[in-house]
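The values are calculated or read from the model by the stated rules, or taken from the named source; none is laboratory data. Since this is a predicted model, take the numbers as computed values, not measurements. So basically every Cβ, Gly included, is an ideal-geometry build from the backbone, and we count neighbours across all protein chains shown. We work out accessible area using only protein heavy atoms, side chains counted, and drop any ligands, DNA or RNA first. Shrake-Rupley method; radii C 1.70, N 1.55, O 1.52, S 1.80 Å.
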Amino acid sequence: MKRKRSYRVFSRLVLLVVLCFLAFWFIFWITDIIVVSRSEINALYGDTLINGPQNPVVPQYLSFESAKSDLRVLVAILKEVHPLFQTAEKRKELAERAIDVEERLNDYAIRTSSEFVPRLWLYWEYCRLTASLHDAHTFLRYLPQGFGDAEIDRLPISFEWLKDGLAIGQVDEGSEFETLHPRDRVVRVNGYTPEQILDQMKDYLSTENEEWLKCRISDLLPYAYTLGLFETHAHNEMMKEAKGATLSIIDPFGVVKDEIIPTQPAYTVNIEKEPRAWLGWSLAWVEGYGGRTSAFGYFWLDQCTVTAEYEKSVADFFEAVAREKAQTVVIDLRKNMGGDSSVVDAFLEHLPKSEIIDYTAHIRASGPLRKVRGLTSLSLFFRWIRMGFTGGKLRVSGAVDPDRVFRGNVLILTSNRTFSSANYFAVLLKDNGLAQTIGEPTGNAPTCYGDILEFSLPESCFEVTVSTKEFVRPDVSKNDARSLEPDIPVARTVMEYQMGIDPALEWIRKNLP
């Protein structure tokens, strides 16, 4: 009798647990349906939100109604997706900025007596809006990614922004400008000094610090649509892509000269003379005082991509470091603009800490994010539970061979191109006391927005990337920092660039422990 009674009690408890779980799941399921169905952006884009627009036709001019329609869509995307706009106050600020853009559109129509607005003019006006967020991950692309370089013109050169100015990076091998050489100092572009260019572009480019602003300018300045801002007609009504640029330069011998350089189709430009593999490593030996020879390991990583090749390279690297008894490891992230943040895991396996303080990510669980990524309220709940148990700490799986655990000095080389997941890599190791940084400040803030969604504006075909998360660095006491400042500041000057000197590596060679 007692056994039957116990069985009935147990059965009822099991049933109660099952019913509670189903009710629990049902509440989350209903929440997901409501959020997704009430999304203005989901309704607007439909299936193209996931699949993307098919073969977009990029117009050169838009009607004012089309321009204002895209402005409304852009504002709606930012308001619904970006973590910044979760309060009424911030949404009001965004609406006021949008009104400013619309007023400039109305002024343009009155001044020109035109029925259409150039797409180029509209691009820079929209960029003003996204730049006001001061989030380097939220910005506009001039052309859809699928177009590549086939539909755009540029100068047959690249630029490098260094500590004390602007220099020419590379010159197209097929270029007719034989007097133009890599490493020439650039003192003016169409009459604008680098400082004037910096001042003018800060209102248009989405950045978190001046380092990334300089990086983006050096990347975008060769393109005709950017050079249009620095033409004599740039502030007149009919902005057009520039057909070329006048460069005032000083060569390594101090000779001042001007060159008029026309733009050409970007797909015809070849400026990567000796592209290196995106990752690699070597061991270097330095002879110090008293004939003492020191070895250090050097690993370069130019993009954050996790592959079997990458993981094997890291393992082989630390095996060689252990074999040669090197006491210093250098990780070069100076050309790395991001990708998959989990690239740091392969290095953590070979470093001494079994537990570290991780980044914290605050997710804006918008309708578009739920639709594109399959994010659910239940998964968010379990994520919250997991964070509560771990306390923000991350367990590190140890290396297969304990002898490969590296207990020496780790130096990370950084520059203004160290961005996004590469910045995350450097910050995570530094904040956990696993590495020092050397070089220049990084291209974005350690505590920042990121993890983007992409949208195509229906009328103009501008591609918009928008952050969906806020990432908080492990050392929260430094949340206000606008970049990861190097422990050992070593910046490259134009003269050092002209002479082929890498001052950061030179410092390491001279100061090995």
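For the chain, report the accessible area per residue in Å² (1.4 Å probe, heavy atoms, rounded to an integer).
50 Å²
Say the cut-off is 30 Å between C-alpha atoms; which of Lys371/Lys430; Lys92/Lys243; Lys68/Lys478; Lys68/Lys240; Lys92/Lys202 go over it? Result: Lys371/Lys430; Lys92/Lys243; Lys68/Lys478 exceed 30 Å. Computed from point charges on the beta carbon alone (+1 for Lys and Arg, -1 for Asp and Glu), the dipole magnitude for segment 368-513 about its Cα centre is near 620 Debye. Against the criterion of solvent-accessible heavy-atom surface with a 1.4 angstrom probe, Arg373, Arg111 sort, most first, into Arg111, Arg373. Taking the DSSP beta bridges with both ends in the chain, the antiparallel portion is around 75 percent.
Can you pull the percent of the chain's accessible area that's carbon plus sulfur, 1.4 Å probe, other chains left in place? Mind dumping the intermediate values first?
On the way: 13590 of 25550 Å².
Heavy-atom surface of the chain belonging to carbon and sulfur, 1.4 Å probe: 53 percent.
With a ≥ b ≥ c taken as the square roots of the eigenvalues of the C-alpha gyration tensor of the chain, please select rounded if a/c is under 1.5 and otherwise prolate if a/b is larger than b/c or oblate if it is not? Taking the square roots of the gyration eigenvalues as a ≥ b ≥ c, the chain is oblate. Assuming a ≥ b ≥ c are the square roots of the Cα gyration tensor eigenvalues, decide whether segment 427-486 counts as rounded (a/c under 1.5), prolate (otherwise, with a/b larger than b/c) or oblate. Judged from the Cα gyration tensor, segment 427-486 comes out prolate (a/c at least 1.5, a/b above b/c). Estimated at the nearest 10 Å², the accessible area of Arg509 is 100 Å² with a 1.4 Å probe. Taking every protein chain into account, the 1.4 Å probe leaves Glu324 with about 70 Å² of accessible area, to the nearest ten. Say R0 is 25 Å: what FRET efficiency, to the nearest 0.05, do Ala322 and Arg509 get from their beta-carbon distance? In this case the efficiency is close to 0.70. Full extension of the chain between Phe381 and Ile33 gives 123.7 nm of extra length, using 0.36 nm per residue less the Cα-Cα distance. Look at the Cα gyration tensor of segment 329-422: its axes a ≥ b ≥ c give a/c of at least 1.5 with a/b at or below b/c, and that counts as oblate.
A 1.4 Å probe over all protein chains sorts His134, His181, His350 by accessible area into His134, His181, His350, starting with the largest. When only Cα pairs below 8 angstrom with a gap of at least 6 residues are kept, segment 410-465 shows a relative contact order of 36 percent. Considering only Leu375, Ser341, Gly388, the residue lying farthest towards the positive end of the dipole of segment 335-401 is Leu375, judged by Cα position with unit charges set on Cβ. With R₀ fixed at 41 Å, the C-beta to C-beta distance from Thr493 to Thr307 puts the FRET efficiency at about 0.70.
The packing ranking of peptides 437-448, 461-472, 67-78, 88-99, highest mean first, is 437-448, 461-472, 67-78, 88-99, where packing means the average number of other beta carbon atoms within 10 angstrom of each residue. For the chain, the relative contact order comes to 19 percent (Cα pairs under 8 Å, sequence separation of at least 6). Taking all protein chains as they are arranged and a probe of 1.4 Å, the heavy atoms of Trp507 leave approximately 80 Å² accessible to solvent.
Can you sort Ile33, Ile508 by 1.4 Å-probe accessible area, starting with the largest?
These residues rank, largest area first, as Ile33, Ile508.
Of the residues Leu428, Phe253, Pro182, the one whose Cα sits farthest towards the positive end of the charge dipole of the chain is Leu428 (charges of +1 on Lys and Arg Cβ, -1 on Asp and Glu Cβ, taken about the Cα centre).
Protection proxy ranking of 414-426, 118-130, 41-53, by the mean of other Cβ atoms within 10 Å over each peptide's residues and highest first, is 414-426, 118-130, 41-53.
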